[in-house]
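The values are calculated or read from the model by the stated rules, or taken from the named source; none is laboratory data. As the structure is a computational prediction, the values presented were derived from the model and not from experiment. Here the Cβ is made from the backbone with ideal geometry for all residues, glycine too, and neighbour counts use every protein chain on show. Ligands, DNA and RNA are excluded from the accessible area calculation, which covers all protein heavy atoms including side chains. Shrake-Rupley method; radii C 1.70, N 1.55, O 1.52, S 1.80 Å.
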Number of protein chains: 2
Amino acid sequence: MRMYDLIYTKKLGGALSPEQIAFWVEGAANGSIPDEQSASLLMAICWRGMTTEETLALTLAMRDSGKRMDLSAVPGIKVDKHSTGGVGDKTTLILGPIVAACGVPCPMFSGRGLGHTGGTVDKFAAIPGLKVELTDAEFIQSLQETRFANSAPTGKIAPADKKLYALRDTTATVESIPLITASIMSKKLAGGADALVLDVKCGPTAFMKTLDDARTLAQSMVDVGTAHGMQIRALITRMDAPLGWAIGNALEVMESVEILRGEHGDSELAQMSFRLAAEMLIMGGAAKTLPEAQAKVRMAIQDGSALETLRRFVGSNGGDAKALDDFSLLPQAGRTIAIPADRAGYVSALDGRALGLLAMDLGAGRKDQHDVLDLGVGIRVHVKVGQRIEPGDMVFTAYTKAGHPVKAEAYLATLGLASDRPEAVPWLLDTIGC
Amino acid sequence: MRMYDLIYTKKLGGALSPEQIAFWVEGAANGSIPDEQSASLLMAICWRGMTTEETLALTLAMRDSGKRMDLSAVPGIKVDKHSTGGVGDKTTLILGPIVAACGVPCPMFSGRGLGHTGGTVDKFAAIPGLKVELTDAEFIQSLQETRFANSAPTGKIAPADKKLYALRDTTATVESIPLITASIMSKKLAGGADALVLDVKCGPTAFMKTLDDARTLAQSMVDVGTAHGMQIRALITRMDAPLGWAIGNALEVMESVEILRGEHGDSELAQMSFRLAAEMLIMGGAAKTLPEAQAKVRMAIQDGSALETLRRFVGSNGGDAKALDDFSLLPQAGRTIAIPADRAGYVSALDGRALGLLAMDLGAGRKDQHDVLDLGVGIRVHVKVGQRIEPGDMVFTAYTKAGHPVKAEAYLATLGLASDRPEAVPWLLDTIGC
């Protein structure tokens with residue numbers, strides 16, 4: 001088999017066989033195929049696309065380049081969730097404990113943050129003592145004891161994806177539906193879950209800017225999962241303003257706990273977390289219909305079992321569960337700076353991307369993958385889109401270390417104001433496979 | 001400037017600026033831009049194409065990566081010819097001396113052969129003693145003394161093209177109209193001629209398989225030359241059967257001399273060579289109209305001045321001009337094997353590509369660029385498309401070294417036979433810019 005023939009076939013718009021795709025992925029990972037040939041094929045894939053069969057073959061070849069979790073020791077249908085990433089997205093911290101409390105095992109591997117979006121692993125790392133890199137045995141034990149486990153992926157998961165992603169990053173070949181699909185799905189399949197709910201973000205702050213693009217990506221992932229015999233569904237959700245009031249790791253733990261306590265129940269963050277959890281309950285066999293699943297979710301909040309599951313998960317993985325009830329035990333920022341409105345109007349927009357970058361600048365996120373985070377810093381957003389504000393009303397609080405300069409203008413520039421109340425836009429834009 | 005931005009721009013279908021293209025070509029040649037980024041951009045160019053302005057910028061950046069010939073010491077409008085390559089194509093050996101004999105300086109850099117097509121330099125190398133790698137001073141002296149010069153290009157001509165071509169060769173990005181255009185035109189512009197006639201081959205044996213593709217390539221080269229202020233015209237000529245009776249280096253010298261003597265005057269090879277020469281005479285200012293130019297070409301044959309120019313060119317560059325009159329002084333094959341027809345019919349096709357590969361196998365061409373040629377071997381084609389043959393009629397003669405196996409079936413398999421006489425197809429398919 002010659003790599004040249006694969007490139008030429010794809011250049012002309014043909015389909016590659018599973019054997020050809022496995023040959024490429026193996027060669028790219030072990031270095032026997034030079035990077036320039038892989039780069040050329042990657043751009044040809046951006047051009048010509050891939051069939052579902054090809055995308056599945058690429059997914060499986062990347063999955064099989066590394067370790068696969070064997071979760072057969074955990075009884076039940078294991079259900080995972082994946083989000084394509086947003087600012088202030090702490091749904092994993094909320095829905096994981098809910099789903100587990102309702103009896104469905106929820107094994108999750110989460111990433112570290114980079115750029116304007118935070119990472120779930122960093123949020124969990126704000127809980128004192130909590131181990132965020134679990135061994136396989138610890139991961140399985142956490143699932144057995146609490147039905148919830150969350151860990152940073154080890155380098156052994158889909159190393160071929162890591163190699164190809166680094167190449168895509170320098171060759172402008174990241175944006176390709178089949179390549180994005182295979183990158184996500186290879187890691188999800190290696191994680192060992194039986195079913196998967198996808199939260200595909202859509203909007204100016206998200207990777208997918210238009211509803212059409214988001215639908216295409218969601219459909220592609222659902223097609224590949226389905227072709228592999230996996231239960232899989234996708235929600236397409238709006239991403240423009242930050243999700244919830246908290247941006248920053250300890251702050252996001254606080255907001256998650258507040259929702260598990262039953263606060264902010266009508267917020268978009270709560271609604272979205274509860275809906276994703278309900279979809280997971282249906283897939284896990286704990287409910288037959290959406291209303292039934294949603295009732296179970298509400299009950300897990302009301303009876304405290306979801307929050308109790310989070311406490312047990314934290315406690316059984318080395319963390320200090322008391323910090324969930326006493327937020328003074330979480331990492332603290334040295335200083336808080338109140339940023340009031342300087343004008344009046346209806347909030348028409350909150351630029352999530354810009355706020356994510358401001359939080360990164362405070363130390364809550366990474367510019368570079370080697371940056372060390374300040375887990376206590378971040379931003380509290382006091383307003384919501386659609387709300388009327390007057391000059392002097394509190395808009396943001398910056399939680400920052402002492403001495404870090406904070407320019408109020410930069411924060412206020414993220415705020416869009418209109419003279420008329422903007423029309424409400426639903427957070428759930430579409431569902432695929434549900 | 002970041003290479004990533006160039007790739008991304010082209011991926012989305014945008015145009016690159018001359019500065020961006022120069023940055024890429026320089027970085028690719030000096031190694032500061034990694035091959036995987038160049039490969040990705042090359043495939044994006046295959047996908048999105050290039051405007052004439054971009055193609056000219058790429059041409060000039062590659063030209064300027066190396067040496068440029070300064071032919072200002074040679075008076076007159078210097079006219080070059082380029083062919084995209086065919087089997088048995090020895091037009092340079094014929095038209096160069098004709099054009100020079102008619103008073104127009106003809107500076108030519110020619111390549112070595114690879115694969116099924118031969119190279120003009122190899123054909124000249126069959127003339128005993130003739131230097132085929134001239135220094136700049138020798139090249140200019142040959143032009144001044146005989147108005148004709150032919151040399152293998154030195155490595156100093158367009159080294160960026162050489163680097164990018166090697167990369168295109170392994171990344172399946174050779175076939176792209178702007179990349180082919182810039183590769184050819186960068187070397188032609190570096191060669192220092194003022195005007196250029198292109199012979200774009202078209203057919204199953206040629207690089208351009210369809211008339212549309214050939215027209216597109218010809219138009220692209222004419223557009224780039226015109227945008228650069230160069231006189232440029234293109235003929236699109238049919239390439240399926242070998243051109244002329246000779247395939248193989250010494251044999252092709254013999255056939256060229258025969259045509260310069262006035263033999264085979266109505267053959268396609270002679271007609272094509274004479275027409276290309278006539279176009280060159282018009283560009284060089286030696287004739288105003290095609291009939292006037294064609295009359296001058298015929299005169300240069302009839303009065304022997306063209307053949308005499310070839311003799312003088314050979315003599316002034318170390319070669320034995322007597323070999324042009326006494327072919328026994330040219331390299332000889334050890335053995336000739338006659339291959340007669342085994343069936344009757346009208347010759348409907350001669351597979352030039354297959355015959356080129358058979359000649360390569362005899363030692364007339366290179367499988368690999370390091371192969372050493374046997375300049376005396378080759379194939380004589382005794383038949384023409386349209387001709388009636390009977391079993392036993394001579395079809396081919398293989399000129400081979402003693403002991404080299406020759407399978408008559410392989411030769412006869414290149415011959416298409418039909419029960420009815422095939423319709424004649426003209427050799428000149430179209431002209432661009434003429």
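Key figures
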read-out	value
Chain B, helix-only ellipticity at 222 nm - DSSP H runs n ≥ 4, -39,500 (n - 2.57), divided by all residues, nearest 500	-13500 deg cm²/dmol
Over the range A:3-49, volume per residue of the alpha carbon convex hull, in Å³	60
Length-normalised contact order of the range A:3-49 in % [C-alpha pairs under 8 Å, at least 6 apart]	51
Solvent-accessible area per residue for chain A (1.4 angstrom probe, square angstrom)	38
Separation between Cα centres of the range B:1-46 and the range A:1-16, rounded to whole Å	22
Position B:Gly304, label points 7 Å along Cα→Cβ, spacing to each other copy in nm (shortest first, one decimal)	11.9
Accessible surface of chain B, 1.4 Å probe, proportion on carbon and sulfur as whole %	51
Shortest-first distances to equivalent copies, position A:Gly392, nm, label 7 Å out along Cβ	12.0
Built amide H within the under 5 Å cut-off of A:Ala344, gap 5+	none
Accessible surface buried once A binds B (1.4 Å probe; total of both sides; Å²)	1900
In order through the range A:288-304: 3J(HN,Hα) via Karplus (6.51 cos²θ - 1.76 cosθ + 1.60), integer Hz, x for Gly, Pro	9, 10, 5, x, 5, 5, 5, 5, 5, 4, 4, 5, 5, 6, 4, 8, x
In degrees, nearest ten, helix A:211-227 long axis to first principal axis of chain A (Cα)	50
Relative contact order [Cα under 8 Å, 6+ residues apart], chain B, whole percent	20
Cα-based radius of gyration of chain B once divided by 2.2 N^0.38 Å, which approximates compact folds	0.98
When each of A:Lys156/B:Lys10; A:Lys90/A:Lys296; A:Lys11/B:Lys123; A:Lys131/A:Lys407; B:Lys90/B:Lys401 is checked by Cα-Cα distance, pairs over 25 Å	A:Lys156/B:Lys10; A:Lys11/B:Lys123; A:Lys131/A:Lys407
Distances in nm from A:Arg68 to the matching label points in the other copies, shortest first (labels 7 Å along Cα to Cβ)	6.1
DSSP bridge orientation in chain B - percent antiparallel, rounded to nearest 5	55
Simple spin-label estimate for B:Thr336 and B:Glu133 in nanometres, 7 Å along Cα-Cβ	3.4
Principal-axis tilt of helix A:352-362 within chain A, Cα atoms, nearest 10 degrees	80
Cβ crowding within 10 Å averaged over residues, with B:119-130, A:124-135 ranked highest first	B:119-130, A:124-135
Whole-number D in µm² s⁻¹ for the protein assembly as shown, Kirkwood Cα-pair radius fed into Stokes-Einstein, 10 °C, 1.306 mPa s	50
Span from the the range B:143-170 Cα centroid across to the the range A:352-389 one, whole angstrom	57
Cα-derived Rg over Rh, computed across the range B:332-418 with Rh taken as Kirkwood radius	1.00
Cα gyration tensor category, rounded, prolate or oblate, for the range B:270-388 with a/c compared to 1.5	oblate
Compactness relative to 2.2 N^0.38 Å, alpha carbon Rg of the range A:266-317	1.19
